[in-house]
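Colleague: One structure follows; several queries about it will come next.
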Amino acid sequence: EAHNSHNDDQIREKEAHNSHNEEQIREILTRYYPDIITPQIWARLLKLSNRLPPKSHLTQHIRNHLLEKKKYSEACDVINVLNLEHEFEASEIIEPLVATGRFDVVRRYANVHSFVRHQTIIELSKKGKNKLAVRWIQQWKLNPNHYKHVYLKHKIATCKWMIREGKAKEFMEIICAQNDLRIPFISLLLKKGDIETAREVAKAYYLENEFNFQKSKLPSKDTGSSSVSPESLSSLPQKHLFLDIRAPRGVFFVDTKSKLDLSLKEIMQSDCVGLDAEYMPTFFDSMDTKGCNNNMAPTLLQISTRERTFLFDLLKFDVNMDSVLRELFQSRKVLKIGYAFDDDLSLLR
């Protein structure tokens, strides 16, 4: 019994010693000594101890010793090691990182934690880093429809570069092929003082009423349709070539009587046009043996000249399109080109 009692005393003494050591280790690990260890090593040692303090204590420690002292990179590493990402708001981490230009840290943090990617794109756009934001949207496979404003800002920045480099007129048709860029492009030209090009663009896309052009003596001459040569495209740095190449003068959507009159006037001046018509989706039982829709009339008519594509929203017009387009179809001066358009033509009546 005496021997067992002595052994028990030794065990209790050893446990007390271990407990004292654990308390010392715990005290060291739950405090931050910048002169001894780095925050990253501190976080790893703390995780290996398997005696993590409460999350509230750790988050407060990170805010006081790292974030407030603008040690954002170290804070991100500690948060990643201790799995505390959900204890912080996305803006609390991403906003200061973007503001200080630590884009490498932002990307590393967002690659690990997908829930901060949206906030990352927003902050990049606020900072004016739209090119970088577009690249990360594509890399992270985010829905581009949620970031249309970011894409638009990037396109406008591309337009500014083209104007600054004196390439505005050369690439005018490529830029204006996108409807959302026409008004910003004209505004940038006016701001630059290129009134002639701005007026030319506005006239080509029926936007003259949107701007108050300064009265100046400008030569009234037909500039014709400018073309972009392959050599010009190759000379443009690929990092700036973000604009899509579409119809030379873009697409003109016709859904009012005034637009209809303007469209027909331009169409009748062409030597040839391409024709196509679209219908609402239907089932096979509503079509005849030729595949023609017997129950519904066309809802969209497409007429393309060499310079522009016109989309006629037929549901917006109460008039019979046969009477409206009679002049075009009866003209011998305008060549009409279409694939299997005879069925479409009969349903337009």
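Colleague: Over all directions, average the projected area of the Cα convex hull of the stretch 138-184 and note it in nm².
Modeller: Projected area, direction-averaged: 3.8 nm².
Colleague: Turning to a different aspect of this structure: If I ignore ligands, DNA and RNA and count only protein heavy atoms, how much of residue 140 is accessible to a 1.4 Å probe, in Å² to the nearest 10?
Modeller: 30 Å²
Colleague: At a Cα cut-off below 25 Å, give the lysines reachable from residue 127, other chains included and same-chain residues fewer than 8 away excluded.
Modeller: Partners within reach: 69, 70, 71, 141, 148, 153, 155, 160, 191, 192, 239.
Colleague: Could you tell me whether the stretch 28-150 comes out rounded, prolate or oblate from its Cα gyration tensor? Rule is a ≥ b ≥ c as square roots of the eigenvalues, rounded for a/c under 1.5, then prolate if a/b exceeds b/c, otherwise oblate.
Modeller: Because a/c hits 1.5 or more and a/b exceeds b/c, the stretch 28-150 counts as prolate.
Colleague: Something else now. Need one value: the accessible area of residue 148 in square angstrom, 1.4 angstrom probe, rounded to the nearest 10.
Modeller: Counting only protein heavy atoms, residue 148 exposes about 130 Å² to solvent.
Colleague: Calculate the spin-label point distance for residue 164 paired with residue 152, positioning each point 7 Å from the Cα along the beta-carbon direction, and give it in nanometres.
Modeller: 2.2 nm
The values are calculated or read from the model by the stated rules, or taken from the named source; none is laboratory data. Keep in mind the model is a prediction, meaning the values are calculated, not measured. Positions of Cβ are backbone-derived with ideal geometry, glycine not excepted, and every protein chain shown enters the neighbour counts. For accessibility, only protein heavy atoms count, side chains too; no ligands or nucleic acids. Shrake-Rupley method; radii C 1.70, N 1.55, O 1.52, S 1.80 Å.
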